[in-house]
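Novice: Structure below; questions to follow.
Any read-out appearing in this document is the output of simple, stated calculations on the displayed coordinates, not a laboratory observation. Please read these numbers as outputs of a predicted model, since none were measured by experiment. Counting neighbours? That spans all protein chains shown, and the Cβs are built from the backbone with ideal geometry, glycine included.
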Amino acid sequence: MLYEFARPFLFALDAETAHDLTLAGLRAARALRLPLGCTAAAAGPLRVMGLAFPNRIGLAAGLDKNGECIDGLAALGFGHIEIGTVTPRPQPGNPRPRLFRLPEQRALINRMGFNNRGVDVLVANVRRARFAGVLGINIGKNFDTPIERAAEDYLDCLRKVYPLAGYVAVNISSPNTKDLRRLQGAAELDALLAPLKREQGELAQRHGRYVPLALKIAPDLDEAQIYAIADAVRRHRIDAVIATNTTVSRQGVAHLAHGGETGGLSGAPLFDPSTSVTGALAHCLGGEVAVIGVGGVLDGRGARGKLEAGAQLVQLYTGLIYRGPALVREAIAATATF
């Protein structure tokens with residue numbers, strides 16, 4: 001109810017300013033112990049990637065890049081929270097403005113460019129958080145690291161976040177870091193996943209706990225590319241695939257104000273293409289690897305649609321901008337009996 005009153009004010013602001021103000025508000029509300037949302041778990045727990053989740057609905061990466069608002073976001077009722085994308089070194093991201101609302105289609109276009117304060121700051125923030133649930137940490141490469149050396153950045157982040165993460169998500173699909181999506185190619189993917197999997201094994205021995213790896217992929221893939229990714233995921237024994245990131249397509253929005261901005265499109269127009277990739281991927285994997293569905297979930301029906309396509313978990317982000325905390329409650333209820 002509170003969000004319904006706050007939304008007109010937030011939408012009157014620049015989108016990135018409203019984002020920062022919302023996170024600040026969540027931190028303040030949590031510090032004051034104000035009720036923020038639904039804390040009751042759905043009929044669970046359920047196990048995915050060997051982890052126990054109180055419900056199927058999680059927060060997608062991108063909202064809390066630095067892990068500054070984990071406890072406030074947890075109070076909304078999410079079954080898991082994914083923070084990041086984080087890079088080894090701090091970077092400012094692309095010049096502003098870089099985040100645009102398309103309210104006619106309940107969508108966003110962003111070209112943030114992995115703006116974050118670096119992995120060491122994120123680790124310090126996670127250590128201060130009190131959240132005891134499943135925390136995913138999404139890792140990427142710095143914009144100026146050559147693509148041939150990308151694995152070094154991912155390994156650096158993996159080593160630092162491993163002791164604190166419930167799972168680690170490997171982001172190779174943002175359209176806003178030059179050449180990043182090249183890592184979805186067969187040879188490039190093998191060259192990245194092999195050292196990450198070796199390092200995961202060594203870290204598991206060192207820390208006495210196994211932290212799953214999830215791979216986040218793009219929606220802009222054809223059937224052959226999806227099959228190749230599924231094959232690589234199986235061969236390298238990756239624990240989950242997150243499908244999908246934002247799209248570079250402008251179908252249905254090109255005529256709108258800001259519809260021609262460069263960057264990744266999220267929100268309602270992404271639902272069908274991302275769910276199609278989820279379904280194709282789940283079919284290829286045949287239940288051997290968990291699938292997390294994300295993209296365009298604006299209501300409980302959409303959340304359930306991701307599960308019907310073959311996902312085990314669902315993540316939200318852009319829907320929160322348009323619906324607020326009520327979406328979390330609705331999605332949890334819609335997926336509780338799946």
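Novice: Pull up all non-local amide H partners of residue 108: gap of 5 or more, or a different chain, and H-to-H distance under 5 Å with H placed in the peptide plane.
Specialist: Here the answer is 102, 266, 267, since their amide H atoms fall under 5 Å of that of residue 108.
Novice: With contacts defined as alpha carbon pairs under 8 Å and 6 or more residues apart, what's the relative contact order of the range 284-338 in percent?
Specialist: Relative contact order of the range 284-338: 40 percent.
Novice: Restricting to bridges with both residues inside the range 185-338, how much of the DSSP beta-bridge set is antiparallel, in percent to the nearest 5?
Specialist: Within the range 185-338, antiparallel bridges account for around 10 percent of the total.
Novice: Multiplying the sequence separation of residue 237 and residue 121 by 0.36 nm and subtracting their Cα-Cα distance, what value in nm do you get?
Specialist: Working: separation 116, 0.36 × 116 = 41.76 nm, distance 3.00 nm.
That pair, residue 237 and residue 121, stretches by 38.8 nm at full extension.
Novice: Let me ask another. Taking a label point 7 Å from the Cα of residue 178 along the Cα→Cβ vector, which residues of the range 255-285 have an amide N closer than 19 Å to it?
Specialist: Only 262-264 fall inside the zone, counting backbone N under 19 Å.
Novice: Could you tell me whether the range 229-334 comes out rounded, prolate or oblate from its Cα gyration tensor? Rule is a ≥ b ≥ c as square roots of the eigenvalues, rounded for a/c under 1.5, then prolate if a/b exceeds b/c, otherwise oblate. Please report the intermediate quantities before stating the final value.
Specialist: Values: a/c = 2.43, a/b = 1.35, b/c = 1.80.
Oblate.
Novice: Once the Cβ-Cβ distance between residue 209 and residue 250 is put in as r, and R0 is 41 Å, what FRET efficiency do you end up with, to the nearest 0.05?
Specialist: It comes to 0.40.
Novice: When the helices in the chain are scored as -39500 (n - 2.57) per DSSP H run of 4 or longer and the sum is shared across all residues, what 222 nm value do you end up with, to the nearest 500 deg cm²/dmol?
Specialist: -12000 deg cm²/dmol
Novice: Applying a 10 Å radius around every beta-carbon, put 151-162, 259-270 in order of their mean neighbour count, most first.
Specialist: Numbers: 151-162: 20.0, 259-270: 21.5.
Those peptides, ordered most packed to least, come out 259-270, 151-162.
Novice: Which stretch or stretches of the range 160-191 have amide N atoms under 17 Å from the point lying 7 Å from residue 222's Cα along the Cα→Cβ direction?
Specialist: Those under the cut-off are 182, 184-187.
Novice: Let me ask you something else. Give me the number: length gained by fully extending residue 17 to residue 132, i.e. 0.36 nm times residue separation minus the C-alpha to C-alpha distance, one decimal in nm. Please report the intermediate quantities before stating the final value.
Specialist: Working: separation 115, 0.36 × 115 = 41.40 nm, distance 2.93 nm.
Contour length minus the Cα-Cα distance gives 38.5 nm.
Novice: Could you list 174, 276 in order of exposure, starting from the residue whose Cβ has the fewest other Cβ atoms within 10 Å?
Specialist: Arranged by neighbour count, lowest to highest, 174, 276 become 276, 174.
Novice: Take the Cβ-Cβ distance between residue 288 and residue 89 as r, set R0 to 45 Å, and report the resulting FRET efficiency rounded to the nearest 0.05.
Specialist: FRET efficiency, residue 288 to residue 89: 0.80.
Novice: I would also like to ask the following. Label-point separation (nm) for residue 96 and residue 24, each offset 7 Å from Cα along Cα-to-Cβ?
Specialist: 1.1 nm
Novice: Residues of the range 265-309 with amide nitrogen under 15 Å from the 7 Å Cα-to-Cβ point of residue 326?
Specialist: Within reach of a label on residue 326: 298-301.
Novice: Another question, then. Take every DSSP beta bridge with both residues inside the range 2-335 and express the antiparallel ones as a percent of the total, to the nearest 5.
Specialist: 30 percent
Novice: On to the next question. Decide, for the chain, between rounded, prolate and oblate: order the square roots of the alpha carbon gyration tensor eigenvalues as a ≥ b ≥ c, take rounded if a/c falls under 1.5, and otherwise choose prolate if a/b is larger than b/c, else oblate.
Specialist: rounded
Novice: Relative contact order for the chain: what percent, with Cα pairs under 8 Å and sequence separation of 6 or more?
Specialist: In percent, rounded to a whole number, it is 17.
Novice: Also, quick follow-up: Which trypsin sites (Lys or Arg not before Pro) from the range 51-148 combine a DSSP loop assignment with at most 11 other Cβ atoms within 10 Å?
Specialist: 130
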